Amino acid sequence: MGARKVQILSVVGARPNFMKIAPFARALNHCRDRFDHILVHTGQHYDMAMSESFFRELGIPHPDVDLGIGSGTHAEQVGRTMMAFEKILARFTPDWIVVVGDVNATCACAITSKKEHIKLAHIEAGLRSFDLDMPEEINRMVTDRLSDLLFTTDELADRNLLQEGVPAEKIKRVGNIMIDTLEQQRPVASSLNPVIFCREQAVQGQGVLPDLRDDHFAVVTLHRPSNVDSPDVLKSLTWFLVEEVSPLTPLVWPVHPRTRKQLELFGLWNLLLDCPGVVLTQPVGYHEMLRLTMGAQVMFTDSGGLQEECCVLGTPCLTLRWNTERPVTLREHGGTGILVGNSIPAIRAAFKDSLGRFRRMHRPPLWDGQAAERMVACFCKLA
Ligand code: UD1
């Protein structure tokens, strides 16, 4: 009889989690003689474009459990997830629970795990924006405070944790697991043609597409409440993109469901639809987004993950926020990111500057595609 396998239960909830769990699930599968892996999807993101397509594209195993939590306020999402996840923990007895990133599912399952006295590991620990207005910052702080094993992406993250009093032996710097996925999926993404998939996924009412040649188009993604919930902010950003960006370079905007609702509510949707230089699409899959990021002359985004992908691909990234939990991606650390908030003069200046720049790739240490293997090696040592 062989030794008992270590049981690891990992949790995903929302779109940015999926690209982080795919390499981890694959690495555990390579060591299936030592590990049993149970995958729980909380269902925070649930539709085809936001969830299911990522499982298919990235080869993530079908979840063993789907909690079906869906949309709601923060308290509703966190509360419902905790109640449902507690029941799951009566069914399974994992040695470790692994949570990723900073979404509501991460925090809810971290709290539940510790209340059930189960060891907790956090992938992407130590990131701090120091901005408690961001729900993700609260999720990060709570999750890290409770974790027994904290997998970090870079030295700045280690430093944040040490400053908060996390014992050094709990911190394992393994690199960036998002970049594992990027490297694994790069060949498929490279083979795609943006003109074709943008046409296929254009929203209803979109006119004729402008030409989309590499390094001659811009990409926009927006979903943070700070950018999309205030009519004044969303209006000024939209008018800037329509009046000042689209005449210079075509602009592809895969619209997040939350942002679409707000654009419609504030009467901006038709303005974008009628603008000949703007291509509005449904939320695109992982490969399509990676292909767009590879070809973009400039990215306008408030996403966390895209800041990292732009950094490695060398795409100038105008981060539409006043702070970032990922400072390693900024120009002052060798990256391509620049913080422009939602101030139009700052965005305008950075946009003009970016148009004259060459692509400059920057790969922080350990962002080499092997982070998941290092994590599994840690679990092997602990077993
Ligand atoms: C969440 C995460 C954020 C992450 C983002 C990526 C938190 C606190 N926030 O924000 O960190 O960057 O996901 O997308 O966890 N909706 C759909 N279909 C879906 C999912 C959502 O239409 O499959 C719509 C719903 O109307 C929902 C809205 O999008 O109300 C927002 O979804 P929600 O999960 O509340 O947060 P996000 O803004 O997506």
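Values for this structure:
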item	result
Cα-based Kirkwood hydrodynamic radius, the range 191-355, one decimal, Å	15.6
Under 29 Å from K172, Cα to Cα: lysines that are on another chain or at least 8 residues apart	K5, K20, K114, K115, K119, K381
Accessible-area composition of the chain, carbon plus sulfur, in percent [1.4 Å probe]	54
Most to least packed among 134-145, 101-112 [average Cβ atoms within 10 Å]	101-112, 134-145
Assigned charges on the beta-carbon of Lys, Arg, Asp, Glu; the chain dipole about Cα centre (debye)	640
Cα Rg over Rh - the range 58-151, Kirkwood	0.95
Neighbour net charge for N342 - beta-carbon separation under 15 angstrom, K R +1, D E -1	-2
Solvent-accessible area per residue, Å², over the range 256-383 with all protein chains present [probe radius 1.4 Å]	38
Length-normalised contact order for the chain - Cα pairs under 8 Å, 6+ apart - percent	15
Projected-area mean, the chain, by convex hull of Cα positions, square nanometres	18.0
Packing-based order for 147-158, 238-249, using average beta carbon neighbours within 10 Å, highest first	147-158, 238-249
Solvent accessible area, Å² - R213, 1.4 Å probe, full protein context	130
Net charge of Cβ neighbours under 15 Å - reference P247; Lys, Arg +1; Asp, Glu -1	-2
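The values are calculated or read from the model by the stated rules, or taken from the named source; none is laboratory data. Worth saying up front: this structure is predicted, and the values here are computed from it rather than measured. Ideal geometry is used to build each Cβ from the backbone, glycine not excepted, and the neighbour counts take in all protein chains shown. For the accessible areas, the whole protein counts, side chains as well, though only heavy atoms, and no ligand, DNA or RNA atoms are used. Shrake-Rupley method; radii C 1.70, N 1.55, O 1.52, S 1.80 Å.
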